[in-house]
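Peer 1: Got a structure for you, written out below as structure tokens; questions coming shortly.
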Amino acid sequence: MKMASLTSFVARRASQVSRGGLNVSTTRHLTGTSIPVDVDHYSDGWNIRDIGDFAKDEKYHIKTFNKISDKGLARFPTETYEVKPSEWDARNAHAILLRSHKLQESEIDVPVRAIARCGAGTNNVPVARMTELGIPVFNTPGANANAVKELILCGLFLGSRRIIDGINHMTDLGEKGLAKERVEKDKAMFGGQEIKGKTLAVIGLGHIGASTAVDAASLGMTINGYDPGLSVQSALKLPRHIKLCDSISSAISQADYISINIPYIKGENGTHGIIGKEVISHFKPNTVLLNFARGELVDSEAMKEFLDKGKGTYISDFPDDLLWDHKNCIILPHLGASTEEAEDAAAAMAADTIRDFIETGTIKNSVNFPETSLPDRTPGTIRMTVVNKNKPGMLAQITETFAKAQLNIVQQINHSRGDIAYNVLDIDPSTSEGEKVSLKDLQKELTTTEGVLSSRLVFGVPGAGYARNIEGEYWV
Amino acid sequence: MMIPTVKTITNVSRFQGRALSHFLTASRSLSNETNIDHEHYKGAWKTYGDIENYVPGKYQIQTFNKISPRGLQRFDGENFDVRVDGEEAANAHAILLRSHKLKEEEVAHTVRAIARCGAGTNNIPVARMTEIGIPVFNTPGANANAVKELVSCGMLLASRRIVDGVNHMKDLGSQGLAKERVEKDKSMFGGREIKGKTLAVIGLGHIGGMTALGASALGMNVVGYDPSLSVESALRLPGDITLLDSISSAVSKADYISLNIPYIKGEDGTHGIINQDVIDQFKSDAVLLNFARGELVDSEAMKNFLDRGNGRYVSDFPDDLLWNHKNTIILPHLGASTEEAEDTAAAMAADTVKDYLENGTIRNSVNFPATSLPDPEKNSIRFTIVNKNLPGMLAQITETFANAAFNITQQINHSRGEIAYNVLDVDMEGHDDVVSFKKVQKQITMLDGVLSSRILYGKPGFGYAKNIEGKYFV
């Protein structure tokens with residue numbers, strides 16, 4: 001094994017790391033077992049520059065972009081996790097937490113094994129590329145739901161009387177000292193209607209759509225809904241008298257108010273401009289459209305034509321270059337999730353999801369990886385996770401590798417989703433020959449199998465045990 | 001038949017195209033065929049100006065402000081002549097209005113009732129109307145849903161800086177920077193959710209009750225204060241509301257506070273009821289919602305509160321001191337400004353006035369006592385009498401009828417403050433020739449303490465007599 005020098009770390013192909021002494025293999029004690037396990041570190045060069053820190057900590061490093069709620073970050077126990085904001089040049093991150101920062105591939109350190117978005121949409125994360133590299137991306141479905149729903153309710157009211165115009169008018173009158181004199185006369189310009197008894201169409205009945213439907217129903221509205229992927233679980237969360245329609249157009253055609261609550265998916269069969277000319281042609285003339293999902297879901301040109309007829313209203317939580325100054329358009333600065341409670345809930349959910357993944361290999365709330373959960377690891381076993389491309393024969397190769405090493409698989413789960421497959425295996429190390437279990441060779445063989453992207457030994461020492469196959473090169 | 005006074009003749013000469021005699025005496029047929037003599041304009045009503053426009057046989061309804069046509073349709077065209085805002089209505093029998101500031105000189109002597117389409121009656125000189133014996137009606141509850149929806153909006157507007165955010169987006173838009181800056185700038189406008197927070201509702205009538213119920217449905221914890229909560233009102237509240245025994249105790253744990261009480265001037269009134277002492281109990285980030293009346297809140301004390309912490313004041317009324325405070329949101333009195341509320345209030349006001357004019361029933365009055373007598377029996381005629389609430393009046397009234405040999409078949413008498421109201425049905429039996437009710441009406445009306453009387457016999461517009469400082473007008 002080559003000796004390491006500090007300068008060689010600048011190049012990606014540096015060799016061993018020096019840890020005080022010149023340990024090239026480390027013996028770590030597993031939690032829950034007294035069997036020593038050999039694991040190699042840094043046999044190829046992680047792009048690590050603060051290796052001094054890394055070696056000292058023996059903690060998982062969580063890098064954050066944007067200001068993440070402290071209450072949420074407190075879910076990471078400080079004995080085993082260190083959280084650093086990206087501005088502090090936190091390298092060697094094992095996981096990334098972010099809000100709406102537009103994540104670049106270059107910002108993702110090689111040791112990153114998970115990315116969690118504190119929020120619902122993941123348009124700011126290059127998810128497809130992460131899938132290619134075998135990195136799961138997580139989100140926090142439902143964490144923001146109440147925050148967004150309350151803002152949609154506000155939107156319902158703002159679209160019913162000209163409230164914002166009225167408030168701004170009062171400021172004008174105040175400046176001229178005419179407020180008391182003119183208010184009773186001028187208020188006629190800002191009146192409107194009530195929402196009670198009106199019809200609301202909710203497009204998309206997930207966490208946010210369902211919550212919106214329930215509250216609007218309690219305010220006396222009639223609810224039409226559309227969601228082609230409505231599950232039994234989701235249906236239980238809907239108001240009992242909702243009328244489910246079988247297309248967007250049929251849901252909206254009798255609606256006085258419409259709320260879109262669907263994800264923005266680019267590309268063919270995506271949802272770009274899904275509220276376009278065709279759909280809008282079914283609107284009632286004085287329909288109020290509420291968009292607290294994504295700006296790109298609405299075709300602004302078509303919307304402008306509708307608004308120009310004079311009686312409709314468009315309320316959006318997203319900037320719109322065409323409609324921002326239309327008198328029947330209200331634009332909010334993406335405040336849907338901007339509450340302390342949502343920020344706390346999203347950060348806590350993201351932190352818990354990451355912890356679960358890192359500490360047990362469980363995957364839930366992932367937008368690209370398959371949902372996977374193995375029961376608790378039997379004491380005395382070692383858990384490994386393997387990420388591979390979803391190709392035929394991969395599972396056979398993986399299990400054969402273990403069999404050759406004469407390691408018994410106690411329990412195992414394999415699950416795929418699109419181009420990616422994920423395996424969690426609990427191995428009984430005590431059936432191997434001899435006493436010393438050298439998993440390093442096993443891991444290397446496993447990880448360098450063609451089609452495997454990465455593997456992890458989920459055991460006691462934070463940060464260690466992760467190996468990657470980056471275009472044929474082995475990184476550990 | 002009385003000879004008209006000179007004054008009357010002078011005025012009568014201005015009539016055009018109508019027989020003089022037609023207006024000096026009128027024999028009208030009752031719906032049950034007994035003839036009744038009735039005199040008109042014996043005293044000088046100040047109403048001859050539009051006599052060309054007077055439509056005999058219909059009640060004339062005068063309106064101020066734009067009243068919902070749907071509501072006005074409740075007045076059937078056969079018996080009612082509705083004049084819209086601006087149309088001359090000098091012989092008005094009743095007035096409907098919204099927020100027009102009514103002056104005494106605008107109330108003709110012929111007016112028997114005033115109805116406000118709305119809840120507060122601060123724009124009407126109610127005390128003076130009581131003095132002269134004119135009931136003033138309002139429409140409690142007609143606006144309740146409209147106000148409640150606006151209060152809910154106010155709560156949400158105060159929880160994130162939504163108005164500031166919307167205005168900021170306009171600024172960014174005009175600079176072409178919206179997409180570039182929104183994700184960064186939005187942190188200036190974030191805030192909190194209302195779910196799980198505590199709302200204190202001060203005043204639990206129609207509006208307060210609906211507000212409490214709506215907030216509870218949105219996941220808020222609701223506390224309330226109302227010293228005169230009735231069983232009927234309590235049934236409209238969320239079952240898990242906590243009722244407290246003072247404004248201060250209600251507000252002390254509240255994140256949001258909604259005022260829903262009437263504005264009453266004078267001593268023991270509610271002017272500035274949200275004062276320094278009460279505001280000192282507020283949490284530092286409390287949100288005060290005032291959709292009741294501006295005068296209920298002491299603006300100086302509110303300013304101190306807003307300057308100190310992160311509180312908010314959302315008001316539906318102008319405020320000369322706070323209008324440009326960064327933590328204040330002022331709306332232009334939109335609480336009842338919905339089509340639905342305008343329709344409902346107008347319809348309720350019309351129905352109330354109709355019931356009063358046609359049956360003598362009083363409900364939803366802010367100054368007269370609630371009074372309702374079952375329908376008159378066949379062969380009876382209904383009298384209503386308004387008098388000052390003095391001892392012995394009822395005895396005098398019943399004695400006058402007795403002396404005139406009229407039998408009272410049913411009667412109700414009810415008082416409220418300084419005014420008393422009587423509805424009596426009088427038996428026609430034994431009086432089926434030409435009956436001169438005018439005599440007994442005059443006797444009744446000229447009793448000291450009586451302010452006015454009415455004979456309701458099915459002919460709109462007739463039968464009203466007043467005692468104006470000892471002078472008889474009919």
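Peer 1: Work out how much length A:Glu471 to A:Asp419 would gain on full extension: take 0.36 nm times their residue separation and subtract the Cα-Cα distance, in nm to one decimal. Present the calculation step by step, with values, prior to reporting the outcome.
Peer 2: Values: separation 52, 0.36 × 52 = 18.72 nm, distance 1.64 nm.
Between A:Glu471 and A:Asp419, full extension yields 17.1 nm more.
Peer 1: What share of the DSSP beta bridges in chain A is antiparallel, in percent to the nearest 5? Please list the in-between numbers first.
Peer 2: Numbers: 37 of 76 bridges.
If I count the DSSP bridges inside chain A, around 50 percent turn out antiparallel.
Peer 1: Given Cα pairs under 8 Å that are at least 6 residues apart, what percent is the relative contact order of the stretch B:275-415?
Peer 2: On the way: 138 pairs, mean separation 19.9, N = 141.
So the answer I get is 14 percent.
Peer 1: Could you list, bin by bin from short to long, the percent of Cα-Cα pairs of the protein assembly as shown in 20 Å steps?
Peer 2: For the protein assembly as shown, the binned pair fractions read 12, 32, 26, 16, 8, 5, 1 percent.
Peer 1: With a 1.4 Å probe on protein heavy atoms only, tell me which residues of the stretch A:328-361 lose at least 40 Å² of accessible surface in the complex relative to the chain by itself.
Peer 2: For the stretch A:328-361, once contacts with the other chains are taken into account, A:Ile331, A:Pro333, A:His334, A:Leu335, A:Ser338, A:Thr339, A:Glu341 lose 40 Å² or more.
Peer 1: Then there is this: For chain A, which whole percent of the accessible surface, found with a 1.4 angstrom probe, sits on carbon and sulfur atoms?
Peer 2: 50
Peer 1: A further question on this structure: So how much accessible surface do A and B hide from each other in total, probe 1.4 Å, in square angstrom to the nearest 100? Don't skip to the end; give the middle numbers.
Peer 2: On the way: alone 22560 and 22390 Å², together 40100 Å².
Result for this pair: about 4800 Å² buried.
Peer 1: Between Rg and the Kirkwood Rh of the stretch A:152-202, both from Cα atoms, what is the Rg to Rh ratio?
Peer 2: Working: Rg = 13.6 Å, Rh = 12.2 Å.
Ratio of gyration radius to Kirkwood radius: 1.11.
Peer 1: In deg cm²/dmol, rounded to 500, what helix-only [θ] at 222 nm does chain B give when every DSSP H run of at least 4 residues adds -39500 (n - 2.57) and the total is split over its residues?
Peer 2: On the way: 15 runs with 133 residues, N = 474.
After summing the helix terms and dividing by residue count, I get -8000 deg cm²/dmol.
Peer 1: Another one. Using a/c under 1.5 as the rounded threshold, could you call the stretch A:296-357 rounded, prolate or oblate? The axes a ≥ b ≥ c are square roots of the C-alpha gyration tensor eigenvalues, and prolate needs a/b larger than b/c, oblate otherwise. The partial results should precede the final answer.
Peer 2: Details: a/c = 4.52, a/b = 2.99, b/c = 1.51.
Prolate is the answer for the stretch A:296-357, as a/c is 1.5 or above and a/b outweighs b/c.
Peer 1: Limiting things to C-alpha atoms, what are the Rg and the maximum Cα-Cα separation (Dmax) for the stretch B:373-420, in angstroms?
Peer 2: 11.8, 34
Peer 1: Where the accessible area of the stretch B:288-332 is counted over protein heavy atoms with a 1.4 Å probe, how much of it, in %, is carbon and sulfur? Kindly include the intermediate steps, with their values, before the conclusion.
Peer 2: Details: 660 of 1570 Å².
Of the solvent-accessible surface of the stretch B:288-332, carbon and sulfur hold 42 percent.
Peer 1: A:His334: accessible area at probe 1.4 Å, nearest 10 Å²?
Peer 2: Probe radius 1.4 Å; accessible area of A:His334 about 30 Å².
Peer 1: Still on this structure, I have one more. Rg and Dmax of the stretch B:200-327, using alpha carbons, in Å: what are they?
Peer 2: According to the Cα coordinates of the stretch B:200-327, Rg and Dmax are 14.0, 42 Å.
Peer 1: Restricting to Cα atoms and excluding each atom paired with itself, what does the Kirkwood estimate give for chain B in Å? If you can, show how the numbers build up before the last one.
Peer 2: Numbers: mean 1/r = 0.0397 Å⁻¹.
One decimal place: 25.2 Å for the Kirkwood radius.
Peer 1: Something else now. Run a plain Debye calculation on the stretch B:181-224 (Cα atoms as equal point scatterers, no solvent) and give log10 I(q)/I(0) at q = 0.18, 0.23, 0.34 Å⁻¹, rounded to two decimals, same order as the q list.
Peer 2: Taking Cα atoms of the stretch B:181-224 as identical point scatterers yields -0.57, -0.71, -1.13.
Peer 1: While we're on this one: Accessible area drop of at least 50 Å² (1.4 Å probe, protein heavy atoms): which residues of the stretch B:191-211 qualify, relative to the chain alone?
Peer 2: B:Glu193
Peer 1: Between the alpha-carbon centers of the stretch A:176-217 and the stretch A:341-377, tell me the distance in whole angstrom.
Peer 2: Going from one Cα centre to the other spans 38 Å.
Peer 1: Still on this structure: Report the label-to-label distance for A:Glu445 and B:Glu180 in nanometres (one decimal), using points 7 Å from each Cα along the Cα→Cβ vector.
Peer 2: For A:Glu445 paired with B:Glu180, the spin-label model returns 5.8 nm.
Peer 1: Which trypsin sites (Lys or Arg not before Pro) in the stretch A:318-370 sit in a loop by DSSP (not H, G, I, E or B) and have at most 11 other Cβ atoms within 10 Å of their own Cβ? If you can, show how the numbers build up before the last one.
Peer 2: Details: sites: A:Lys327, A:Arg355, A:Lys364; in loops: A:Lys327, A:Lys364.
Within the stretch A:318-370, the qualifying trypsin sites (Lys or Arg not before Pro) (loop, at most 11 other Cβ atoms within 10 Å) are A:Lys327.
Peer 1: Right, here's the next one. A:Lys327: which lysines have alpha carbons under 18 Å from its alpha carbon, excluding same-chain residues fewer than 8 sequence positions away?
Peer 2: By straight Cα distance, A:Lys327 reaches A:Lys187, A:Lys304, A:Lys309, A:Lys311, B:Lys170.
Peer 1: Report the semi-axes of the equivalent ellipsoid for the stretch B:65-189 in whole Å, largest first, where each axis is √(5λ) for an eigenvalue λ of the Cα gyration tensor.
Peer 2: Details: eigenvalues 443, 55, 39 Å².
For the stretch B:65-189, the semi-axes come out at 47, 17, 14 Å.
Peer 1: Any idea what Rg and Dmax come out to for the stretch B:343-457 if you just take the C-alpha atoms, in Å?
Peer 2: Reported Rg and Dmax, both Å: 14.5, 48.
Peer 1: For chain A, what size does the Cα cloud have along each of its three principal axes, sorted from largest down, in whole Å?
Peer 2: 91, 48, 35
Peer 1: Using a loss threshold of 30 Å², tell me which positions in the stretch A:160-184 are less accessible in the complex than in their chain alone. Probe radius 1.4 Å, ligands and nucleic acids ignored.
Peer 2: A:Arg161, A:Ile163, A:Ile164, A:Ile167, A:Asn168, A:Met170, A:Gly174, A:Lys180, A:Val183, A:Glu184
Peer 1: Stretch B:Ala217-B:Ser248 to full length: gain in nm at 0.36 nm per residue minus the Cα-Cα span? Mind dumping the intermediate values first?
Peer 2: Values: separation 31, 0.36 × 31 = 11.16 nm, distance 2.47 nm.
Answer, rounded to one decimal: 8.7 nm.
Peer 1: How much of B:Lys58 can a 1.4 Å solvent probe reach, expressed as accessible area in Å² and rounded to 10?
Peer 2: About 60 Å², ignoring ligands and nucleic acids.
Peer 1: Please average, across the residues of B:323-334, the number of beta carbons from any other chain that are within 10 Å of each residue's own beta carbon, and give a whole number. Write out the running numbers ahead of the final one.
Peer 2: On the way: counts 8, 4, 0, 0, 0, 1, 4, 9, 10, 20, 7, 11.
Across the residues of B:323-334, the mean count of other-chain Cβ atoms within 10 Å is 6.
Peer 1: So for A:Trp88, A:Trp475, B:Trp323, what's the accessible-area order with a 1.4 Å probe, most first?
Peer 2: The most accessible residue leads, giving A:Trp88, B:Trp323, A:Trp475.
Peer 1: Would you give the gap between the C-alpha center of the stretch B:157-174 and the C-alpha center of the stretch A:60-91, rounded to a whole Å?
Peer 2: 31
Peer 1: Shifting gears a bit: If you keep only loop residues by DSSP, which trypsin sites (Lys or Arg not before Pro) in the stretch A:246-300 have at most 12 other Cβ atoms within 10 Å of their Cβ?
Peer 2: Details: sites: A:Lys266, A:Lys277, A:Arg294; in loops: A:Lys266, A:Arg294.
In loop regions of the stretch A:246-300 (DSSP not H, G, I, E or B), the sparsely surrounded trypsin sites (Lys or Arg not before Pro) are A:Lys266.
Peer 1: Where does chain A land at 222 nm, in deg cm²/dmol rounded to the nearest 500, when only DSSP H runs of n ≥ 4 count, each adding -39500 (n - 2.57), divided by all residues?
Peer 2: Values: 14 runs with 129 residues, N = 476.
Rounded to the nearest 500, it is -7500 deg cm²/dmol.
Peer 1: Okay, moving on. Taking the full set of protein chains and a 1.4 angstrom probe, give the accessible area of B:Thr361 in square angstrom, rounded to the nearest 10.
Peer 2: 20
Peer 1: Compute the Rg to Rh ratio over the stretch B:261-332 from the alpha carbon atoms, using the Kirkwood formula for Rh, and round to two decimal places. It would help to have the intermediate numbers written out before the result.
Peer 2: Details: Rg = 11.5 Å, Rh = 12.2 Å.
Across the stretch B:261-332, the Cα-based Rg/Rh ratio is 0.94.
Peer 1: With labels modelled as points extended 7 Å from the Cα through the Cβ direction, what inter-label distance (nm, one decimal) is found for B:Ser187 paired with A:Asp70?
Peer 2: 1.4
Peer 1: Give me the log10 of I(q) over I(0) for the stretch B:185-265 at q = 0.16, 0.20, 0.21, 0.24 Å⁻¹, as the Debye formula computes it from C-alpha points; what are the numbers?
Peer 2: -0.57, -0.81, -0.88, -1.10
Peer 1: A follow-up question, please. Straight distance only, please: which aspartates and glutamates reach the Cα of A:Lys196 with their own Cα at less than 18 Å, same-chain residues fewer than 8 apart left out?
Peer 2: The qualifying aspartates and glutamates are A:Glu150, A:Asp215, A:Asp256, B:Glu149, B:Glu339, B:Glu340, B:Glu342, B:Asp343.
Peer 1: Sticking with this structure for a sec: How big is the Kirkwood radius of the stretch A:279-398, worked out from every pair of different alpha carbons and given in Å to one decimal?
Peer 2: Numbers: mean 1/r = 0.0530 Å⁻¹.
With all distinct Cα pairs of the stretch A:279-398 included, I get 18.9 Å.
Peer 1: Using a probe radius of 1.4 Å on heavy atoms only, what accessible surface per residue do you get for the protein assembly as shown? Whole Å² is fine. Walk me through the numbers on the way to the answer.
Peer 2: On the way: 40100 Å² over 950 residues.
Using a 1.4 Å probe on heavy atoms only, each residue of the protein assembly as shown averages 42 Å².
Peer 1: Is there a quick way to get the dipole size of chain B? I mean about its Cα centre, with the Cβ of Lys and Arg at +1 and of Asp and Glu at -1; what is the value in debye to the nearest 20? Before the final figure, lay out the partial values.
Peer 2: Values: 50 positive and 57 negative charges, 143 e Å.
The dipole magnitude comes to about 680 debye.
Peer 1: Just the ratio, please: alpha-carbon radius of gyration of the stretch B:318-366 over 2.2 N^0.38 Å, N its number of residues. Walk me through the numbers before you get to the answer.
Peer 2: Working: Rg = 17.8 Å, N = 49, 2.2 N^0.38 = 9.7 Å.
Compared with the compact-globule rule of thumb, the stretch B:318-366 sits at 1.84.
Peer 1: Shape call for the stretch A:231-350 from the C-alpha gyration tensor, a ≥ b ≥ c root eigenvalues: rounded (a/c under 1.5), prolate (a/b greater than b/c) or oblate?
Peer 2: Details: a/c = 1.70, a/b = 1.21, b/c = 1.40.
Oblate shape, in that a/c is at least 1.5 and b/c is the bigger or equal ratio.
The values are calculated or read from the model by the stated rules, or taken from the named source; none is laboratory data. Model, not experiment: these values are computed from the prediction. Reconstructed Cβ throughout: ideal geometry from the backbone, glycine too, with neighbour counts over all protein chains shown. Side chains are part of the model used for accessible areas, which takes the heavy atoms of the whole protein and leaves out ligands, DNA and RNA. Shrake-Rupley method; radii C 1.70, N 1.55, O 1.52, S 1.80 Å.
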